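Read the structure below first, then the notes.
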Amino acid sequence: MPAHQERKSRRKTRLPRHQDEVEQRQDLAHLQPIPHLSGIPKETYEYRLGNRSALEWVIDQYQVSTDKRSGITNDPNRADDPQYILRLIGQVITVSLETVKIVKALPPLGLLE
C-alpha cells in the first residue's frame, strides 16, 4: 500500500456534531451500532475538550474495538449494568449544558478594549 493511502486509512472518522449532520453522512456505516439519540440540545456541543465536544469524545472512546496486533478487545459495555453508557451520555450532556450556562453568565474580562 502506498504511504499516502496508508496515512489516509489511519485517520479517525470525525464524528458528526449535530443530528442533521448524522443524516447527511454516509461514511458512518462502519461504526459500532449505537442507539439512535435524538433531542440533544445544540448547546451540548459548545463545551469542548480540545478540538471536540465532551459528547463526541465519550461516543468516540466508548466503542467496542479490537487491537490488531494483540487481538485484545476493549468492550466498554458492562454486563452487570447494560444502561451504563446511555446514563453516562446523559450525564455528559447535563454537565456540558450546565458548564455552557455558567460560562455564558460570567462577566466579560475586558481584555479586548
Q | Hey, P16 assigned to a loop (DSSP other than H, G, I, E, B) and at pLDDT 90 or above or not | A | no
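Residues are listed down the side, and each one gets a yes or a no for (1) surrounded by 14 or more Cβ atoms within 10 Å (Cβ to Cβ); (2) touching a helix residue (DSSP H, G or I) at 6+ places or on another chain (Cβ under 7 Å):
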{"position": "G50", "(1), (2)": "no, no"}
{"position": "D60", "(1), (2)": "yes, no"}
{"position": "I72", "(1), (2)": "no, no"}
{"position": "D80", "(1), (2)": "no, no"}
{"position": "Q83", "(1), (2)": "no, no"}
{"position": "I89", "(1), (2)": "yes, yes"}
{"position": "I102", "(1), (2)": "no, no"}
{"position": "L106", "(1), (2)": "no, no"}
Q: Could you check how many residues of region 83-113 are outside any helix (DSSP H, G or I) and among the charged types (D, E, K, R)?
A: 1
Q. Are there any pairs with C-beta distances below 9 angstrom linking a residue in region 87-113 that is small (G, A, S) to a residue that is in a loop (DSSP other than H, G, I, E, B), with the two at least 6 apart or on different chains, and if so which?
A. S96/P41; S96/Y47
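The values are calculated or read from the model by the stated rules, or taken from the named source; none is laboratory data. Computed from a prediction, not measured in an experiment: that's the story for all the values here. Reconstructed Cβ throughout: ideal geometry from the backbone, glycine too, with neighbour counts over all protein chains shown.
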